[in-house]
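Trainee: Can you read through this structure? Questions will come right after.
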Amino acid sequence: MNTSNKNGSVEISDSMISDGFEIDFDSKKSSINQDLKSAYDQLYKEIKYTTDLTIREILNESNLKIMKIQHEFEQKLKEAKTKQWCVNCGKEAVYYCCKNTSYCNETCQFQHWSSHYKSCSRVKANKNDMEQTTSTSTSRSTSTRQTTSTTTRPVTSTTTTVSTTTKPTTSTTRYSTATRTLPSISSSPPKPTTTPIILEDVRLPNKTQPTHYELLIRAYFEPKTSQPDISKEFFSGSVKINIKIVEETSSIILHADRYLLISKTSLKTESGNDIAIQKENRLPFQQYEILASTNLAQGNYVLSMEFNGTFGPVSNLVGFYRSRYTEDGITKTVLATNFEPIDARKAFPCFDEPKFKTTYDITVEHPLNTIAISNWPIATEPVTSGERITTTFKRTFPMPTYLPAWIITPDDYDYISGNLNDGTEVRIYGRKSAVENSFVDFALEVSIKITEFFKDEYFNNTDAIPPKIDLIAVPDFSAGAMENWGSIIFRETALYFNETVNSLDRKQAVAGIIAHELAHFWFGNLVTCAWWDDLWLNEAMATFLQYKSMQNVYPELDLIDQFIGTTLVPVMYDDGYESSHPVSVNINNPEDIGSLFSSITYDKGCAVLRMLESTVGEDVFRDGLRNYIKNLANSSGVASEFYSTLKLPKEMENEGVNAQEYIETWLLQINYPEIDIRIDNEGNVTNVNFVQDRFLLSLYDESFIQNIPSPFNYTWKIYLQCKAGMLTGEVDEFNFYLGKKTGNKKLEKRYDWVKCNRDFNGFYVNNYDADDYKNIINTLINHPDSFSIGDRANLIHVAYSLAFKGSLNYNTAAFLSSYLENHEEDYVPWKVFFWHMGKLSQILEHRPVFDTLRRYGVSLVKPLAEKIDIWTDDGEHTERLLKINMIEFMCRLQDGECLRNATKYFKSVPVDYFNNPADNAGSNMIPPNYRGSSYKFHIQNTYDYWDWFNLNELYLSTVDPQERAVVISSLSYSRLLWIIDIYLQELLKENSKIKPQDFFDVLSYVGRNPSGRHVVWAFVRENWYKIVGYFGNSRALNRAIKNICESFDNQFLLEEVLIFFDSTPAGSGSILRSQTIEIVANNIFWVNDRENELNIAFFIPI
């Protein structure tokens, strides 16, 4: 039937109506209006998003300009404040006399002198100097740390009888050949000058407490696309927070990041009655205030808030952020969260402090073709509506705000799974290609074994086990991993491992990080620190348990002894400076929270716990942990609730010392003790005299860095565990409690030597007299079994630490380490030796004396290297690690044979492998353990720039994140400066091929390149504000600067550091900047004071 008339109109017949063909004009109008409204809403959202984004960009740009102007102003103001005015005529002064007395010229000084000379402090000082005797001291008092200049080299040792009641004036000779005063510099280092902040202003009021969160997150992005559109990537959401008012108030204060836009807020009573909101305010420290129109009585309420935000720039890796990777030629996007310590507020309004633990109901709305993962299992089957999926998860255990997590991945993100012995499922997630190529298999094995060890053996507690355990690798993550309860998020290099292509040290690293994060289920998750000053117990305990569990599950790795070389020795160096910080720190400023995630918190804290376990015994220590967890499960606590209950040995109890008094001398003071040990034999009796003092690596006047007061006057309570031995090889053990500056122990036998810090369980160093050292070294050579691996590593560490400081001659250090050549085949003592030689190389690689160090080191290592055939990758685990470290050491010292082997290996790799490693995996014949050294040292010693570009292509093409990490380091070591410049410039390109998480690693690696440090130092200063605009003035940035500057060794470079720090804000890196200044200044003094002595002691004739 044709229903069209000649005019093209439609005729409506009765039959049509009778057949049900009806026209509902009202319905049609409503439908059109609805479509228009939807289109308008979508357009509004897009305009609003674009506007918000533009405003943020303008604000960021303006803030950077304001920051720069502000610091230029402060610099000029500082310069103005340093000016002085002539006391005689009032003009600007050019000559300073004393105190507030300055002059513009000699005439004014002469005119004013008659009234000034009586009070002139310079006149008084000169008078006092003339009255003093002209004799000079030739030794240093350990308690006052004073030295004098000498013109001749002192003898190598002195023997002093030590009183049992008083500290000797001279316990050791200071082997100094230079005056210990600061070189002339044009400006002084910046002192901490932050405005005092009242703790109550930083922390949320206790009047309001959250009891439950109901959280909905809507994420908008394209999971797979050839061209990501950042303008279409954002999130929105809503949160209902059940709160309890414990004290009448009219306001509710919580946290919300300034870039998190709050669009709607409502407040209801528990019964559902609305409460009018008078006003909403953004307060300092990212606090957000809801002011009710009336006072809120004690009781329960429901606060509802709607919000929206963006994932930030591509460089952002905190809060709720995006991460991209390329697979199958397609760009894929993963969304993930990273909230610790205070970034949950970037994703949703919350009470963002660790003590506020509560349960969460989390729902995630995400695009089609994606999957969502959160802390707890899915509650109901995900609901699909159009192009969106809604996934709801089960209610969690009570958690602080830094532990909720959600991850949204493309639907081809894959996983493998297994089960604990109680049936709990463990899943390891990764990109499809990683799962297919078995990069997650090892992680599954480790996760199951470690969790069962904690659950069944160590803690004997299942309360911390969530209903499921997911370990998820994401392409970009700012840290190694984050212990989100039930859904641990990892950087790919921290979770992926395949033994056929990755090295043994990466195997240890992956297993260690997994163990660390799983330990947090008990320490940090089940029991949480009430405030960040006790963060150390969470992180230090997780580090301690990492080694404890690994030793139990994988004893062949010998992780307990390896702890000495990988963790203990490096952190004793970090803590040897006055710019260190205590393990437990009072936090009054939010910026300072980030600074606590340091080696001191993690590694020194772990070392102190290890020492505590050694003092009280394994069983007492473990039982104390179990009781602490049982008593505080699902709540918050303070560290003293753990350690104050521990029972100490009788030597300490007899002195009336409790565990809290003992351990807090180690937690609340920076640095650690140096114990001077002297033995005095009288007939068949040995008297052992102990004197403790503060150990500092600093060689210069400590007033250069701000002096930090100690609550214990730098006196430690020390439980000394010692060995006493004879040259025949006979050894006995004894313990002694030293709680004061001095102490004495009488041994009922005559001994030739005493060595304390048994097995290197203590966090201190010992010094001995010359005869003691000689007898110890003889015993090392003739009866090496008299000392454990830890003992031998400790002796090497002590000798090189004291020689570096200047209270031991480098001749003694060289003599002691000579035993290594023919009498040491264990990995850990060599590892400690390599570490100390590496520190010396860091200073000397740019100096002529490096040749002496190079020949000495190579000559010492070569006999064993040839004996065990270091270029053959076989043997037990620790022997293979020793070979890897020997190759790294000898190549760094530019041993010709080592470098030729590295080049031989590199040249054996075909170009096809660099361009397409996935399809040519079998063509790379370099053993995985040797790839890092082969890549790096060939690139460092070749002028064939095509090799660099081939290696760079491997960084872009490999799907193995471990290999990418090896390559990113190796590329940094070229000696071709134009190549280094290309590499650095790539970092700041808009679509840089270098991943954001690798940015600071590249800066650090190039800074450690002897040819690259000046280039990267100039690069950072030139591009400072651009870098800050991309990444913020973060701790990671300032850590990279510290790594760049650690080898600086002259006054000119120190000047540059001081000027740069004076003209730029420190952000959250003020501690790191102080450390940088102190290390550089100390390098200068070491060169002046110790370099020549080392040159003589380590000299090997050609």
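Each value in this text was obtained by applying a stated rule to the coordinates, not by laboratory testing. Because the structure is a prediction, the values reported are computed rather than measured. Because the Cβ atoms are built from the backbone with ideal geometry, glycine has one as well, and the counts that use them run over all protein chains shown.
Trainee: Determine the distance separating the Cα centre of the range 642-660 from the Cα centre of the range 229-286; give it in Å without decimals.
Mentor: Answer, in whole Å: 48.
Trainee: In nm, give the distance between the simple-model label positions of Glu825 and Arg622, each being 7 Å from the Cα along the Cα-to-Cβ direction.
Mentor: 3.3 nm
Trainee: For Asp869 and Glu653, what is the calculated FRET efficiency with R₀ set at 56 Å and r taken between the beta-carbons, to the nearest 0.05? Don't jump to the answer; show the numbers that get you there.
Mentor: Values: r = 53 Å, r/R0 = 0.95.
For Asp869 and Glu653, the calculated efficiency is 0.60.
Trainee: How much net charge surrounds Glu452 when only other residues with a Cβ under 13 Å from its Cβ are counted (Lys, Arg +1; Asp, Glu -1)? Could the numbers behind the result be given before it?
Mentor: Values: positive: Lys449, Lys455; negative: Asp422, Glu445, Asp456, Glu457.
Residues close to Glu452 contribute a combined charge of -2.
Trainee: Continuing with the same structure: Give the residues of the range 293-310 whose amide nitrogen is closer than 18 Å to a point set 7 Å from the Cα of Ile262 in the direction of its Cβ.
Mentor: 293-296, 301-310
Trainee: Let me ask you something else. Find, to one decimal place in angstroms, the Kirkwood hydrodynamic radius of the range 340-477, where the mean of 1/r is taken over every pair of different Cα atoms and then inverted. Intermediate results must be reported in sequence, preceding the final value.
Mentor: Working: mean 1/r = 0.0603 Å⁻¹.
The answer is 16.6 Å.
Trainee: Moving to a separate point now. Which length gain, in nm to one decimal place, applies between Lys1026 and Glu499 when the Cα-Cα distance is subtracted from 0.36 nm times their residue separation? Walk me through the intermediate numbers first.
Mentor: On the way: separation 527, 0.36 × 527 = 189.72 nm, distance 4.02 nm.
Length difference between fully extended and current span is 185.7 nm.
Trainee: Mind giving me the FRET efficiency for Val246 and Asp463? R0 is 25 Å, r the Cβ-Cβ distance, nearest 0.05 is fine. Provide the component values of the computation, followed by the final result.
Mentor: On the way: r = 27 Å, r/R0 = 1.06.
After rounding to 0.05, the efficiency reads 0.40.
Trainee: Could you compute the FRET efficiency for Asn273 and Val638, with r as their C-beta to C-beta distance and R0 at 56 Å, rounded to 0.05? Don't jump to the answer; show the numbers that get you there.
Mentor: On the way: r = 39 Å, r/R0 = 0.69.
For Asn273 and Val638, the calculated efficiency is 0.90.
Trainee: Could I ask something else about it? Provide the net charge surrounding Asp476, with neighbours chosen by a C-beta distance below 10 Å and charges set as Lys +1, Arg +1, Asp -1, Glu -1.
Mentor: On the way: positive: Arg322, Arg324, Arg491, Lys995; negative: Glu492, Asp998.
Result for the local shell: +2.
Trainee: Report Rg(Cα)/(2.2 N^0.38 Å) for the range 843-949, keeping two decimals.
Mentor: Cα Rg divided by the expected 2.2 N^0.38 Å: 1.16.
Trainee: Provide the gained length on full extension for the span Asp851 to Lys746, in nm with one decimal, where the gain is 0.36 nm per separating residue minus the Cα-Cα distance. Before the final figure, lay out the partial values.
Mentor: On the way: separation 105, 0.36 × 105 = 37.80 nm, distance 4.70 nm.
Once the chain is fully extended between Asp851 and Lys746, it gains 33.1 nm.
Trainee: Here is a follow-up. Can you tell me what share of the DSSP beta bridges in the range 413-504 is antiparallel? A percent to the nearest 5 is fine. Don't skip to the answer; put the middle values down first.
Mentor: Values: 8 of 18 bridges.
Within the range 413-504, antiparallel bridges account for around 45 percent of the total.
Trainee: Under 13 Å from a point 7 Å along the Cα-to-Cβ line of His212: which residues of the range 361-382 have their amide N that close?
Mentor: It comes to 361-362, nothing else.
Trainee: Computed over the Cα atoms of the range 974-1101, what is the ratio Rg over Rh, Rh following Kirkwood? Please list the in-between numbers first.
Mentor: Working: Rg = 16.1 Å, Rh = 15.7 Å.
Ratio value, two decimals: 1.03.
Trainee: If you don't mind, another one. How far apart, in nm, are two points set 7 Å out from the Cα along the Cα-to-Cβ line at Thr225 and at Ile1100?
Mentor: Using points 7 Å along Cα→Cβ, the separation is 6.0 nm.
Trainee: Using alpha carbons only, how many angstrom separate the centre of the range 706-749 from the centre of the range 303-341?
Mentor: Centre-to-centre (Cα) distance: 53 Å.
Trainee: For every other residue with a beta carbon closer than 14 angstrom to the beta carbon of Pro354, add +1 if it is Lys or Arg and -1 if Asp or Glu, then tell me the sum. List each step's numbers first, then the result.
Mentor: Working: positive: Arg203, Arg345, Lys355, Lys357; negative: Glu340, Asp343, Asp352, Glu353, Glu483, Asp533, Asp534, Glu539.
My count for the surroundings of Pro354 gives -4.
Trainee: Further, regarding this structure: When you take every Cα atom in the range 328-380, what is the radius of gyration, and what is Dmax, the widest Cα pair distance, in Å?
Mentor: Computed over the Cα atoms of the range 328-380, radius of gyration and Dmax are 14.4, 46 Å.
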